[in-house]
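I have placed the structure first, in the form of structure tokens, so that the comments after it can refer back to it.
The values are calculated or read from the model by the stated rules, or taken from the named source; none is laboratory data. The structure presented is a predicted model; accordingly, all values stated were derived computationally and were not measured. FYI the Cβ positions are ideal-geometry reconstructions off the backbone, even for glycines, and counts take in every protein chain you see. Only protein heavy atoms, including side chains, enter the accessible area calculation; ligands, DNA and RNA are left aside. Shrake-Rupley method; radii C 1.70, N 1.55, O 1.52, S 1.80 Å.
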Amino acid sequence: MRLQLITAALLAAMAPAASARGDNMAEVSTRAGAYQDSDRTTIITDNVDAKGSIGHVGAEARYLVDVISSASVDVITAATGRFHEIRHEAEGGLFYKDDDRKVSGAYIYSTENDWRSHTGVASFQQDFRHHNGTFKLAGSYVSNAVGRSGDANFRRHLDVGGGSASLTLVASPRDLIDVSYSLSYLNGYQASPYRFVRFSDPAGGPLAPSVPETDPNTRLRHAVTLRYNRAVFRDSAVKSHIRGYVDDWGVTSVTGGAEYVVGFGTFEIAALVRGYVQKAAVFYQPTYSVPQKYTTADRELSTFLDVFAGCRATYRKESMGRLSKLFIEAKFTGYYFRFFDFPRLPERTGLLAEAALGVSF
């Protein structure tokens, strides 16, 4: 079963930035995470990154593995019982970076027992105003092959194309502003082979057996994000963001969050909070009385809100013998989901725990 949204919450990019002068550099980092929620889902994640450059040209590679175990309401509804699976993801890329610009490209391959995906990404970044401003363009294409465990005849396909543009400005010695726009277009199978829609009459009796959900074949998504970082006091800062989202399925959402960071020399501690609220897709219903063109049992298409709160501690040290940099981090985040019109799971709670280690030579 594909759990991209949950898995994405476990991961954060972690590696010191390469020198803009194009110096020779080598970096290795790893991040491990554990996820547990009240919907009987557990995910253990390990992510390893490596990066190196000679002059202005460099290469980077990444490998990720997810070990997933779940008996969520989706699984029980599909009458499959608890499942266990492993997802593997590998990435390789090249980049060129000088004093003012960076150009990069990468290929990502992801596989699990019922899903295969191939992804190509490319980006261009240009600094201006003496490095007080940065403009970035990025694009990606993903080809997904969707299957169903235990059913060799079930084969579906999903293509995803997207792009983004962002502008970052140093507004003052204490203020940093970033604004970005992204869009994506999905074409193909967007339902889940493991989710089934239930039908009932007004009195609550069943009209028909549960049937597989059906979503539209295309989906166009837009999002605008504003980030604002402000240095306060001597060694602390507030990082904030707000994001608006809309798509042609009728889903609209707003995300807002903030992080307060305090530095103590080589140590850094931070407290963070993030909130999200969403309006349901136009064709979503908690239950359906009659078959319709589009029917779904996806709680991610319902009306819901969530709140994340947590803390992290980071240690950074430069010039340690043969090591130019050392990075160690621990992070804990708890969350709460409230689903207003998803009767099978009114709420969900969970915990994310992460640990990271990185070195540069």
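Among (1) in a strand (DSSP E or B); (2) open to solvent by 50 Å² or more (accessible area, probe 1.4 Å); (3) more than 30 Å from Val197 (Cβ to Cβ), there is one condition Asp99 misses while meeting the rest; what is its number? That leaves (1) as the condition not met. Residues that are within 22 Å of Glu259 (Cα to Cα), at pLDDT below 95 and either part of a loop (DSSP other than H, G, I, E, B) or polar (S, T, N, Q) (or both) do not occur anywhere in segment 203-214. Would you mind telling me which numbered condition in (1) open to solvent by less than 60 Å² (accessible area, probe 1.4 Å); (2) within 30 Å of Arg348 (Cβ to Cβ) Arg116 fails? Unmet condition: (1). Once segment 263-289 is narrowed to residues that are assigned to a strand (DSSP E or B) and open to solvent by less than 30 Å² (accessible area, probe 1.4 Å), the residue that is farthest from Tyr185 (Cα to Cα) is Gly263. For Thr7, the criteria (1) under 21 Å from Ala355 (Cα atoms); (2) among the hydroxyl-bearing types (Ser, Thr, Tyr); (3) modelled with pLDDT of 90 or more hold in every case but one, which is (3).
If you go through segment 130-156 and pick out every residue that is farther than 15 Å from Asn113 by Cα and outside any strand (DSSP E or B), you end up with 3. Taking the residues in segment 233-254 that are within 19 Å of Gly310 (Cα to Cα) and touching a residue at least 24 places away in the same chain (Cβ under 8 Å) as candidates, determine which candidate is surrounded by the fewest Cβ atoms within 10 Å (Cβ to Cβ). Checking each candidate, the answer is Ser236. Scanning segment 290-316 for residues that are under 30 Å from Thr266 (Cβ atoms), touching a residue at least 40 places away in the same chain (Cβ under 8 Å) and either of a type in the set (A, V, I, L, M) or open to solvent by 50 Å² or more (accessible area, probe 1.4 Å) (or both) yields a total of 4. Of the residues examined, Val65 is not one that is more than 30 Å from Arg198 (Cα to Cα) and either free of Cβ contacts under 8 Å to residues at least 24 places away in the same chain or open to solvent by 50 Å² or more (accessible area, probe 1.4 Å) (or both). If the requirement is being of a type in the set (Ser, Thr, Tyr), open to solvent by 70 Å² or more (accessible area, probe 1.4 Å) and under 21 Å from Tyr109 (Cβ atoms), which of these qualifies: Tyr189, Tyr141? Going through Tyr189, Tyr141 in turn, the sole match is Tyr141. What residue, among those in segment 157-186 that are more than 20 Å from Thr119 (Cβ to Cβ) and hydrophobic (A, V, I, L, M, F, W, C), is surrounded by the most Cβ atoms within 10 Å (Cβ to Cβ)? Restricting to residues being more than 20 Å from Thr119 (Cβ to Cβ) and hydrophobic (A, V, I, L, M, F, W, C), the top hit is Leu176. Gly105 meets all of the listed conditions (1) open to solvent by 40 Å² or more (accessible area, probe 1.4 Å); (2) within 21 Å of the chain's Cα centre (by Cα) but one, namely (1). When segment 50-77 is filtered for residues that are over 17 Å from Arg87 (Cα atoms) and among the acidic types (Asp, Glu), the ones remaining, listed by number, are Glu60, Asp74. Answer yes if at least one residue in segment 213-232 is of a type in the set (Gly, Ala, Ser), farther than 26 Å from Val121 by Cβ and open to solvent by 40 Å² or more (accessible area, probe 1.4 Å), and no otherwise. No, the conditions are met nowhere in segment 213-232.
Reported count of residues in segment 320-344, each being within 18 Å of Phe308 (Cα to Cα) and buried (at least 16 other Cβ atoms within 10 Å of the Cβ), is 5. Of all residues assigned to segment 263-275, none qualifies as being without any contact (Cβ under 8 Å) to a residue 24 or more places away in the chain, within 20 Å of the chain's Cα centre (by Cα) and within 30 Å of Ala26 (Cβ to Cβ).
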